[in-house]
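Below: one structure, written as structure tokens.
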Amino acid sequence: MVKTFKIASIPGDGIGPEVINEGLRVLRALTEKLGNFLLEVEVFDWGSEYFLKNNKMMPIDGLKQLRDFDAIFFGSAGDPRVPDHISLWELRLAICQSFDQYANVRPVRLLPGISSPLKNVSTDSIDWVIVRENTEGEYSGAGGRVHTGHPEEVGLDVSVFTRSGVERIQRFALELARSRKRKKLTFVTKSNAQRHGMVMWDDIFDNLSTEYGDVDIDRMLVDAMTTRMVLNPSSIDVVVATNLHADILSDLAAALSGSLGIAPTSNLNPSGEFPSMFEPIHGSAFDIMGKGIANPIGTFWSACMMLEHLGEHNAASELMIAIERLTEERKVLPSDLQGNALTSEVTDRLINLIMGQN
Ligand code: ATP
């Protein structure tokens, strides 16, 4: 029987629509080739343009509209005409937090044919998964401003760590590490400076990790972790960190693996109660918007993660193999990967590879 999945596509801002459009072309090609599943895609025009017309990033009942989809395929949110805290909080974070997408999973690999800015690294030197807590911590939204505009003004952002929130993300990362070949987990913290919430992270991890004797565990302060990523990349496998720490580490990771344009991410609601969301790690990149040169590979890889999540493992594996052939042959690559192809030409080549054409 042919299964049908309902996908909500939110292209959003900047280069979001350019790369999501290409991602949808690839997904269509895959479904045509394989014929064993269908994607019913509904596109939502939410984002900063929508905000400029309606004074909100999505309709009041936006979350209700998304609730029954099997997955969300997201581009980016961010526009110089809209304050960042509005574009981020009223769309992407509203979805992640309301749909309890607590596990932000960011695979980082040096794909074949891609060179890292690091010297002497081979393809297998960088094969990491960064697990980011995605619903609380430094992004809890707790805080405020007092005496606004006066000399005595105070601005507060309060990191909120809950025992249940910390425990579930640590368990997720431990399980993920257990499922991988090397079974290694680096636990990132900053409990020397942040002596309350982060010390609670440490305490919870001390307890939980005793259940995972088969996982090879080490601990790093987040500042030292940046150095290790640069100097000893092959020592890393799975990494777990707070919302802000992992966000910063994963931008560094993306650059070390070749370009921000390659890296994918998934925002998972592991219980399956709500839809999960898949997006390239990069943002709206307004400097290259409309030029047709955005790298769509991060979006293709995110599509691959979405197919895995939907249980279409064969389709996901065909797509990943085609992405790796695309980077390995180095014939048609975008400018951030030292090629000269347009976004649509990269997609055309990938579709040819999927279809088995030379
Ligand atoms: P936002 O504020 O939405 O996060 P940003 O422009 O500040 O967006 P990114 O979109 O993450 O940040 O990108 C930083 C830079 O990396 C961009 O200015 C762009 O030059 C480059 N870049 C990002 N994504 C891509 C891509 N897919 N293809 C090519 N270059 C990219």
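Looking only at the range 306-346, count how many residues are within 16 Å of the ligand (Cβ to nearest atom) and open to solvent by less than 60 Å² (accessible area, probe 1.4 Å).
So the answer is 13.
Report the residue count in the range 123-151 for those that are in a strand (DSSP E or B) and either under 30 Å from Leu110 (Cβ atoms) or open to solvent by 40 Å² or more (accessible area, probe 1.4 Å) (or both).
14
Take the residues in the range 27-57 that are among the polar types (S, T, N, Q) and in a loop (DSSP other than H, G, I, E, B), then tell me which one is least open to solvent (accessible area, probe 1.4 Å).
From the range 27-57, those among the polar types (S, T, N, Q) are 31, 36, 48, 54-55; that's our starting set.
Keeping just the survivors that are in a loop (DSSP other than H, G, I, E, B) gives 36, 55.
Details: Asn36: 64, Asn55: 117 Å².
Among residues in the range 27-57 that are among the polar types (S, T, N, Q) and in a loop (DSSP other than H, G, I, E, B), the one least open to solvent (accessible area, probe 1.4 Å) is Asn36.
When you go through (1) of a type in the set (Asp, Glu); (2) within 27 Å of Ala255 (Cα to Cα); (3) open to solvent by 60 Å² or more (accessible area, probe 1.4 Å) one by one for Glu22, which number turns out not to apply?
With respect to (1) of a type in the set (Asp, Glu); (2) within 27 Å of Ala255 (Cα to Cα); (3) open to solvent by 60 Å² or more (accessible area, probe 1.4 Å), Glu22 is out only on (3).
Hey, Leu249 hits all of (1) of a type outside the set (Gly, Ala, Ser); (2) open to solvent by less than 10 Å² (accessible area, probe 1.4 Å); (3) within 16 Å of the ligand (Cβ to nearest atom); (4) not assigned by TED's automatic domain parsing to the domain that holds Arg171 but one; which does it fall short on?
Status for Leu249: all satisfied but (4).
Looking at Ile86, Ile60, can you tell me which residue is in a loop (DSSP other than H, G, I, E, B), open to solvent by 10 Å² or more (accessible area, probe 1.4 Å) and of a type in the set (A, V, I, L, M, F, W, C)?
Ile60
Within the range 152-163, can you find the residues that are of a type outside the set (A, V, I, L, M, F, W, C) and either surrounded by fewer than 18 Cβ atoms within 10 Å (Cβ to Cβ) or more than 17 Å from Asn243 (Cα to Cα) (or both)?
Glu152, Glu153, Gly155, Asp157, Thr162, Arg163
Out of everything in the range 283-300 that is among the small types (Gly, Ala, Ser) and open to solvent by less than 10 Å² (accessible area, probe 1.4 Å), what residue ends up being farthest from the ligand (Cβ to nearest atom)?
Step by step, filter the range 283-300, then rank; the result is Gly298.
Restricting to the range 312-341, name every residue that is part of a loop (DSSP other than H, G, I, E, B), polar (S, T, N, Q) and modelled with pLDDT of 95 or more.
Across the range 312-341, the qualifying residue is only Asn340.
Which ones in the range 91-114 are open to solvent by 10 Å² or more (accessible area, probe 1.4 Å) and of a type in the set (Phe, Trp, Tyr)?
Once the filter is applied, which keeps residues that are open to solvent by 10 Å² or more (accessible area, probe 1.4 Å) and of a type in the set (Phe, Trp, Tyr), the range 91-114 yields only Tyr102.
Return only the number of the condition from (1) in a helix (DSSP H, G or I); (2) within 16 Å of the ligand (Cβ to nearest atom); (3) over 16 Å from the mean Cα position of the chain (by Cα) that Leu111 does not satisfy.
Among (1) in a helix (DSSP H, G or I); (2) within 16 Å of the ligand (Cβ to nearest atom); (3) over 16 Å from the mean Cα position of the chain (by Cα), the lone unmet condition for Leu111 is (1).
At least 1 residues that are among the aromatic types (Phe, Trp, Tyr) in each: list the helices (runs of 4 or more DSSP H) lying fully within the range 167-274 that qualify.
Numbers: elements: 197-208, 222-231, 243-256.
Fully inside the range 167-274 and qualifying: 197-208.
How many residues does the range 268-282 contain that are within 16 Å of the ligand (Cβ to nearest atom) and open to solvent by 30 Å² or more (accessible area, probe 1.4 Å)?
Residues in the range 268-282 being within 16 Å of the ligand (Cβ to nearest atom) and open to solvent by 30 Å² or more (accessible area, probe 1.4 Å): 0 in total.
For the subset of the range 275-296 comprising residues that are out of contact with any Gly (no Cβ under 6 Å at 6 or more places or on another chain) and not in a loop (DSSP other than H, G, I, E, B), which member is farthest from Leu319 (Cα to Cα)?
The qualifying residue farthest from Leu319 (Cα to Cα) is Asp287.
Which ones in the range 1-17 are more than 13 Å from Met277 (Cα to Cα) and either of a type in the set (Ser, Thr, Tyr) or buried (at least 24 other Cβ atoms within 10 Å of the Cβ) (or both)?
Of everything in the range 1-17, those that are more than 13 Å from Met277 (Cα to Cα) and either of a type in the set (Ser, Thr, Tyr) or buried (at least 24 other Cβ atoms within 10 Å of the Cβ) (or both) turn out to be Thr4, Gly12, Asp13, Gly14, Ile15, Gly16.
The values are calculated or read from the model by the stated rules, or taken from the named source; none is laboratory data. Since we're looking at a predicted model, the values are computed, not measured. Cβ sites come from the backbone with ideal geometry, for glycine too, and all protein chains shown count toward neighbours. Keep in mind that these areas ignore ligands, DNA and RNA; they rest on the heavy atoms of the full protein, side chains included. Shrake-Rupley method; radii C 1.70, N 1.55, O 1.52, S 1.80 Å.
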